1. Around E19, what is the net charge, scoring Lys/Arg as +1 and Asp/Glu as -1 over all other residues with Cβ under 10 Å from its Cβ?
2. If amide hydrogens are placed 1.01 Å from N in the peptide plane, which non-local residues have theirs closer than 5 Å to the one on T86?
3. Can you classify the range 84-152 as rounded, prolate or oblate using the Cα gyration tensor, where a ≥ b ≥ c are the square roots of its eigenvalues, rounded means a/c under 1.5, and otherwise it's prolate if a/b beats b/c and oblate if not?
4. Only helical DSSP H runs with n ≥ 4 go in: add -39500 (n - 2.57) per run for the chain, normalise by residue count and round the 222 nm mean residue ellipticity to 500 deg cm²/dmol.
5. Just to be sure I follow the definition: excluding the sites themselves, where is the longest run in the chain that has none of the GluC sites (Glu not before Pro) in a DSSP loop with at most 14 other Cβ atoms within 10 Å?
6. Taking the structure as given and computing log10 I(q)/I(0) by the Debye sum over Cα atoms at q = 0.10, 0.12, 0.18, 0.19 Å⁻¹, which label from (i) -0.42, -0.59, -1.17, -1.28; (ii) -0.40, -0.57, -1.30, -1.46; (iii) -0.43, -0.63, -1.42, -1.55 fits?
7. Report the gain in length on full extension from K56 to K88: 0.36 nm times residue separation, minus Cα-Cα distance, nm rounded to one decimal.
Amino acid sequence: MLKEHNTFMSVQYNSFLDELWNEFPGLSEKEITDITDHNLLWTLEEYIKAGYVNFKTDRKELYRLSILLENFAVKNNSPLLATFETEKRYKYVEDRYIEILQKIPKSWIIGNFNNPFLAKQPPKNAQVVSCDGTNISDMWIVVTKNSTGPFGLLAENMGDGQYRGFFSISPPLIQKAIEKISKSLRISIEI
């Protein structure tokens, strides 16, 4: 005899960051570096020299590191991938981004957008995609490319303006993150 069960199905996403760290054991256990020490502001070259840096920080430091990566993309005519947790966060940098996007060959702007058609239309080389309803929605990601491959920052919003994440110049690690984003959003990102 068959019994019918009414089950409530809910979709629960795992942390994007935890999924990525799970594929690269040991990285999440690496020492947390204090990047908020205002006596020592890291340059992008120092991040690159460090290779891999775990951090827990606030928006201010991520914003500063994001600008360093964006400036690198413009200076080196490199592609750029950037995620935004909300439309409001994108609107905060929209004017600067429209200018950046005009100076680089290709970009992907991914956000927790209700409407991916932004008021100010980015150049044709920019692909705007909504990540609404995915585990990318809480991520702050800025990735570009140098001569050895893709590199950048990935951070997850932990609430109360705090983030945990990392900066890495490891092409396999960053490429795996890009592959996960591409698969989740059903798009092709090639940096």
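1. Values: positive: K176, K180; negative: D18, E23.
Within the 10 Å Cβ shell, the charges total 0.
2. Here N112 satisfy the definition.
3. Values: a/c = 1.92, a/b = 1.19, b/c = 1.61.
Cα axes put the range 84-152 in the oblate bin.
4. -10000 deg cm²/dmol
5. 32-189
6. (ii)
7. Working: separation 32, 0.36 × 32 = 11.52 nm, distance 2.27 nm.
The span from K56 to K88 would gain 9.2 nm if fully extended.
Each value in this text was obtained by applying a stated rule to the coordinates, not by laboratory testing. The structure displayed is predicted, hence computed values, not measured ones. Positions of Cβ are generated from backbone atoms using ideal geometry, with glycine treated the same way; all protein chains shown enter the neighbour counts.
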